[in-house]
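Undergrad: Handing you this structure, nothing more for now.
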Amino acid sequence: MRDASPQSAAETVYLKDYAPFSHLVDKVELVFRLHPTATRVVSRISFRPNPAAPAKPDTEGLPQPDREKPQLVLHGEKLKLIGARIDGKAASPRLTKTGLVCAVPDKPFVWEAEVEINPSENTALEGLYMSNGMYCTQCEAEGFRKITYYPDRPDVMAPFSVRIEGDLPVLLSNGNPGKKGEGFAEWHDPWKKPAYLFALVAGDLACHRDSFATASGRKVGLGIWVREADIGKCAFAMDALKRSMAWDEKVYGREYDLDVFNIVAVDDFNMGAMENKGLNIFNSSAVLASPETATDANYERIESIIAHEYFHNWTGNRITCRDWFQLCLKEGLTVYRDQQFSADERSAPVQRINDVLALRARQFREDNGPLAHPVRPESFVEINNFYTATVYEKGAELIGMLRRLVGAEGYAKALDLYFKRHDGQACTIEDWLKVFEDACGRDLSQFKLWYSQAGTPRVKVEESWADGTFTLTLSQKTPTTPGQPEKRPLVIPVAVGLLARDGSEVVPTTVLELTETRQSFRFKDLAERPVASVLRGFSAPVILERSHDAADRLFLFIHDTDPFNRWEAGRALAKDALLSKLRYGTEPDKAYFAALGDLIRDLELDPAFRALCLALPSQDDIAQALHDRGVVPDPVAIYRARREFSEAMAAALQPRLAALYEYARVEGPYSPDAASAGKRALAAATLSLLTLVDGGHRARAQFDAADNMTEQFGALSALVSIGSAEDELSRFYGQWKTDRLVLDKWFGLQVGLAAPEAAAETAKALTQHPDFSWKTPNRFRAVIGGFAANPAGFHDPSGAGYRLVADWLIKLDPVNPQTTARMSTAFETWRRYDDDRRALMREELERILAAKDLSRDTAEMVSRILA
Ligand code: ARG
Ligand code: ZN
């Protein structure tokens, strides 16, 4: 077996170098003879010369006589080649670092190969691997090349037929089921697809079945495949799937296109889930739920991931990406679609606020640090490192902006044209923008900059008032990012509404298009100076710079008719108050607490919205905000200030909070619906504040009485926050030690909420716990990721936190490079901090980089972070 040193293979791939593949593939037939350590894969692939390909592929290094013949260059990694044939005759390909090269006829031909692979040894969880005795695959982005020799690139699309041979009760692959018998099953996928959408699952699995009738009358068999013991935890995911299928028909006119749709839950998985054609594979945390074991937040996440992967069937599978630089074509659009779905199924304003919270927490953090990159990157070393918040979440924001610019009708027309024009193709961002230009008659050349320019734009707002005219002057500036010293002005849709002093709306929401560096917009014939509500609904992924007085913010917090901006005003007040407390020791303004007190008992308002208004900006948000103002953040001081602020808030709101807590409790059997979940969120928000001032007696009572995980875990979290949960933590462990998903919560909670001085010790102790199965990504993320997300603990001035995380990254890297690389982002903000912390973090980053045989994944990430 060949095992090229990853670092020597670390070459940069550039968007500008794209060239079509030398051949087209008409058909792929695969036979799998499953064996835990020696699986045989026999492939039979029909190739034909691609008329669109450049004259000759790169033949450098080939023996002279072969250079004249057409060459077939296939990807392949960690494969043992048993034999290869072309049109039935033995072929002798030359093995290379990345696969093989073989001289081939100048006409259509059939390539056959047999390879051997070792699924048991595959701890990277990419390609064919084993999890709990079950065979399973993950091919996106470049995992198929670990299964057999193939042009493993998304622009090579073909129909696949698969035969699986193995002594296991369940044998699944993509497409429709074919022949089946003792020890084998056949599958045929009629839709041509790139290899990254290939999937195979084999194991002893139980199935939760249902069916769905499409609008045109196709009956689709639905199955969720899980371990027998989990069969009772599939109903919610199934319901979410059926709602997703109906929604995509209703809103996008997209029907499902196979006879079956299967979902498999697997415990060892590097990400959330994967949209393999007709056979989605999910991290079990994104499928399994029961009232006793899953929280409302888990249910919500399951619903959105089920929808996301299902929606990929059209945006990703039927229309895929030409190359991996176009990843946002499918991911940005599919995230946008799953956000729309959740907004429709639940509360649109609450969904928007949550989406923006996530965007700021992950994407703004990325976009304002060393890992900043465009939504469509121009180069990469390891593509797995570009499944980022920028590609996904900022990518989704770009779709939302497009829709705002062309209107809902224009958007619908453009999408219809997209599906009509590009079905069955592998496309680019140029194709995508062209359908909008053609359908809506709008020039999008300036808009396109959003795809190539990294960094979060700052939009400054100035206002003036004279003679009945209110003028808003907006100016934009995008800070420099790695490799992009110069930035050009973007098209920024800024939704604005104007309010009169009595709170009535004098100018309803209007979208201003900021296209220049600085531009003024006038509103005439007004009776009095209005209060402007700017960037309503968060109409663009920018940072608003507005030197607003507190009175205007308070006014908007009380009166804004746009729920997003009403929430945003409250958040800005809280943030300003926290920043002044940290910088000048100022005590919080009572007026904010008073307005908040009125808001939370306003029965007209959605409880979920009220819960969001009670939450303070995160520690990391505050650190970034300080950094933006040129102040070096001290994570421990931030933790303390935020805690004191919460205590002051609890004290100020006290009698009301207690009443609200009683009001918000949901009686009766648990139901995950949005209304009940919203009330429980409000109860949890009040409980966590009350716990700061009541010694924890309410939380203890709730913990003892809870019959669902939302309430049990909410109570436990409140107690862990005040450092008074020893007994409850051990009871919780005793109750749930055999449930791996609940146990992840138990681990994560302790490291995530531990007090600054105790966090590193807690994390260290938990890594010695017998249940810390570190090779399982979910468990590793719960403990190491959870700890790194506890800023005051991670940034302990001793450096113990940094050392702990670095030690574990070094240990995980040889086992699972993808997860290691992703978690190295714990260090991405290192430059924000003081000299001592910076030096400590740099030392750890350099230590990781120096680790022997460091993976290409982690090497790329750490070098970018350090650069
Ligand atoms: N396409 C999958 C999704 O968004 C994610 C695949 C992630 N792959 C990776 N190599 N990180 O649903
Ligand atoms: Zn996706």
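The values are calculated or read from the model by the stated rules, or taken from the named source; none is laboratory data. Keep in mind that this is a model prediction, so the values were computed, not measured. With ideal geometry, Cβ positions are generated from the backbone for all residues, glycine too; neighbour counts draw on all protein chains shown. Ligands, DNA and RNA are excluded from the accessible area calculation, which covers all protein heavy atoms including side chains. Shrake-Rupley method; radii C 1.70, N 1.55, O 1.52, S 1.80 Å.
Undergrad: Taking amide hydrogens as modeled 1.01 Å from N in the peptide plane, which residues meet the under 5 Å criterion relative to THR586, leaving out close sequence neighbours?
TA: For THR586, whose amide H was placed from the backbone, the distant partners under 5 Å are LYS581.
Undergrad: In nm, what is the difference between 0.36 nm times the number of residues separating ASP853 and ALA408 and their Cα-Cα distance?
TA: 155.0 nm
Undergrad: How large is ³J(HN,Hα), in whole Hz, for each residue of the range 106-123 in order, when computed from phi with the Karplus curve 6.51 cos²θ - 1.76 cosθ + 1.60 and θ = phi - 60°, using x for Gly and Pro?
TA: 8, 6, x, 8, 10, 9, 10, 8, 10, 10, 10, 10, 10, x, 5, 7, 7, 8
Undergrad: Sort SER43, SER721, SER445, SER92 from largest to smallest accessible area, using a 1.4 Å probe on the heavy atoms of the protein chains.
TA: If we order SER43, SER721, SER445, SER92 from most to least accessible, we get SER92, SER445, SER721, SER43.
Undergrad: Using only the alpha-carbon atoms, how far is helix 550-559 inclined from the longest principal axis of the chain? Give it as 0 to 90 degrees, nearest 10.
TA: That helix lies at roughly 70 degrees to the long axis.
Undergrad: How much length is gained if the chain between LEU605 and ASP628 is pulled fully straight, taking 0.36 nm per residue apart and subtracting their Cα-Cα distance, in nm to one decimal?
TA: So the extension gain works out to 5.0 nm.
Undergrad: Please work out the average accessible area per residue across the range 236-313, using the 1.4 Å probe convention, and give it in Å².
TA: Here the residues of the range 236-313 average 21 Å² of exposed surface.
Undergrad: Please give the FRET efficiency for SER618 paired with ASP467, using the beta carbon to beta carbon distance and R0 = 56 Å, rounded to the nearest 0.05.
TA: 0.80
Undergrad: Right, something else. In degrees from 0 to 90, rounded to the nearest 10, what is the angle of the helix 709-721 Cα long axis to the longest principal axis of the chain?
TA: Long axis of 709-721 versus the principal axis of the chain: about 60 degrees.
Undergrad: Rounded to the nearest 0.05, what FRET efficiency do LYS219 and ASN132 have when you use their Cβ-Cβ distance and R0 = 35 Å?
TA: Result of the calculation: an efficiency of 0.65.
Undergrad: Provide the per-residue ³J(HN,Hα) series for the range 269-279, in order, calculated from phi with Karplus coefficients 6.51, -1.76, 1.60 and θ = phi - 60°, each as a whole number of Hz, with x at glycine and proline positions.
TA: 8, 6, 9, x, 6, 9, 8, 2, 4, x, 9
Undergrad: Percent relative contact order of the range 515-672, based on C-alpha pairs within less than 8 angstrom and at least six residues apart?
TA: Contact order relative to length: 17 percent.
Undergrad: Working out 0.36 nm times the residue gap between ARG301 and SER120, then minus their Cα-Cα distance, what length gain in nm do you get to one decimal?
TA: Stretched out fully, the ARG301 to SER120 stretch lengthens by 62.1 nm.
Undergrad: So how strong a dipole does the range 227-343 carry about its Cα centre when Lys and Arg Cβ are +1 and Asp and Glu Cβ are -1, to the nearest 20 debye?
TA: Values: 12 positive and 19 negative charges, 75 e Å.
Dipole magnitude for the range 227-343 comes out near 360 debye.
Undergrad: Follow-up. Under a no-solvent Debye model with one identical scatterer per Cα of the chain, what's log10 I(q)/I(0) at q = 0.11 Å⁻¹?
TA: Treating every Cα as an identical point scatterer, log10 I(q)/I(0) equals -1.46.
Undergrad: Which FRET efficiency value, to the nearest 0.05, do you get for ARG656 and ASP549 by plugging their Cβ-Cβ distance into 1/(1 + (r/R0)^6) with R0 = 30 Å?
TA: 0.65
Undergrad: Report the charge-dipole magnitude of the range 682-786 in Debye, nearest 20, computed about the Cα centre from +1 at each Lys and Arg Cβ and -1 at each Asp and Glu Cβ.
TA: 400
Undergrad: Could I ask something else about it? Solvent-accessible area of ASP707, probe 1.4 Å, all protein chains present, reported in Å² to the nearest ten, please.
TA: Looks like 90 Å² after rounding.
Undergrad: Going by amide H atoms built from the backbone, whose H comes under 5 Å of the H on GLY99, apart from near neighbours?
TA: Excluding prolines and chain starts, which carry no amide H, the hits are GLY76.
Undergrad: Take each of the peptides 30-36, 143-149, average the number of other beta-carbon atoms within 10 Å over its residues, and list them starting from the highest.
TA: 143-149, 30-36
Undergrad: State which entries of LYS250/LYS413; LYS487/LYS575; LYS16/LYS97; LYS16/LYS434 exceed 26 angstrom in Cα-Cα distance in the structure shown.
TA: With Cα atoms farther than 26 Å apart: LYS487/LYS575.
Undergrad: Which of the listed residues, LEU197, ALA185, GLY166, is farthest toward the dipole's positive end in the range 130-212, when Lys, Arg count +1 and Asp, Glu count -1 at the beta-carbon?
TA: LEU197
Undergrad: Per residue, how many Å² of accessible area does the range 628-765 show with a 1.4 Å probe?
TA: Dividing the accessible area of the range 628-765 by its residue count gives 41 Å².
Undergrad: Pop a pseudo-label 7 angstrom from the Cα along the beta-carbon direction at both LYS242 and ARG518 and give the gap in nm to one decimal.
TA: 6.0
Undergrad: Can you give me the distance in nm between label points at LYS97 and VAL13, each placed 7 Å from the Cα along the Cα-to-Cβ direction?
TA: Distance between label points: 1.5 nm.
Undergrad: Give the distance, in whole Å, between the Cα centre of the range 785-850 and the Cα centre of the range 671-747.
TA: Between the Cα centre of the range 785-850 and that of the range 671-747, the gap is 29 Å.
Undergrad: Placing +1 on the Cβ of each Lys and Arg and -1 on the Cβ of each Asp and Glu in the chain, which of GLN446, THR137, LEU498 has its Cα farthest towards the positive end of the resulting dipole?
TA: Result: GLN446, furthest along the dipole toward the positive end.
Undergrad: Further question: When Rg is the radius of gyration of the Cα atoms in the range 728-823 and Rh is its Kirkwood radius, what does Rg/Rh come to? Don't jump to the answer; show the numbers that get you there.
TA: Details: Rg = 12.7 Å, Rh = 13.3 Å.
Rg/Rh: 0.96.
Undergrad: Mean separation of Cα pairs under 8 Å and 6+ residues apart, divided by the residue count of the chain: what relative contact order is that in percent?
TA: 9
Undergrad: A follow-up question, please. Considering only the other residues whose Cβ falls under 9 Å of the Cβ of PRO756, what net charge follows from Lys and Arg at +1 and Asp and Glu at -1?
TA: Numbers: positive: ARG640; negative: GLU757, ASP796.
It works out to a net charge of -1.
Undergrad: Also: Once label points are set 7 Å from the Cα along Cα→Cβ at both ASP727 and GLU761, what is their separation, rounded to one decimal in nm?
TA: 2.2
Undergrad: Could you pull out which residues in the range 145-165 have an amide N less than 16 Å from a spot 7 Å beyond the Cα of GLU182, following the Cα-Cβ vector?
TA: Output list for this probe position: 165.
Undergrad: Given a 1.4 Å probe, how much area per residue of the range 468-578 is accessible, in Å²?
TA: 42
Undergrad: Using a 1.4 Å probe over the heavy atoms of the protein chains, calculate the carbon and sulfur portion of the accessible area of the chain as a whole percent. Each step should come with its number before you reach the end.
TA: Working: 16700 of 32870 Å².
The computed percentage sits at 51.
Undergrad: PRE reach from ALA343 (point 7 Å along Cα→Cβ): which of the range 226-253 fall under 15 Å by backbone N?
TA: 251-252
Undergrad: Taking all protein chains together and a probe of 1.4 Å, list LYS524, LYS448, LYS27, LYS277 from the most accessible to the least accessible.
TA: LYS524, LYS27, LYS448, LYS277
Undergrad: Quick check: the distance between the Cα centres of the range 384-426 and the range 141-167, to the nearest angstrom?
TA: When both Cα centres are located, 27 Å separates them.
Undergrad: Cα axis of helix 674-694 to longest principal axis of the chain: angle in degrees, 0 to 90, nearest 10?
TA: 60
Undergrad: Among DSSP bridges having both ends in the chain, what percentage is antiparallel? Round to the nearest 5.
TA: Taking every DSSP beta bridge within the chain, about 80 percent pair in antiparallel fashion.
Undergrad: Relative contact order for the range 729-806 using alpha-carbon pairs under 8 Å, separation at least 6, rounded to a whole percent?
TA: This gives 31 percent for the range 729-806.
Undergrad: Taking a 1.4 Å probe, which of ARG553, ARG209 shows the most accessible area, and what order do the others take after it?
TA: Numbers: ARG553 40, ARG209 165 Å².
Descending order: ARG209, ARG553.
Undergrad: Filter the cross-link list LYS80/LYS852; LYS775/LYS852; LYS27/LYS180; LYS180/LYS330 down to pairs whose alpha-carbon distance in this structure exceeds 28 Å.
TA: LYS180/LYS330
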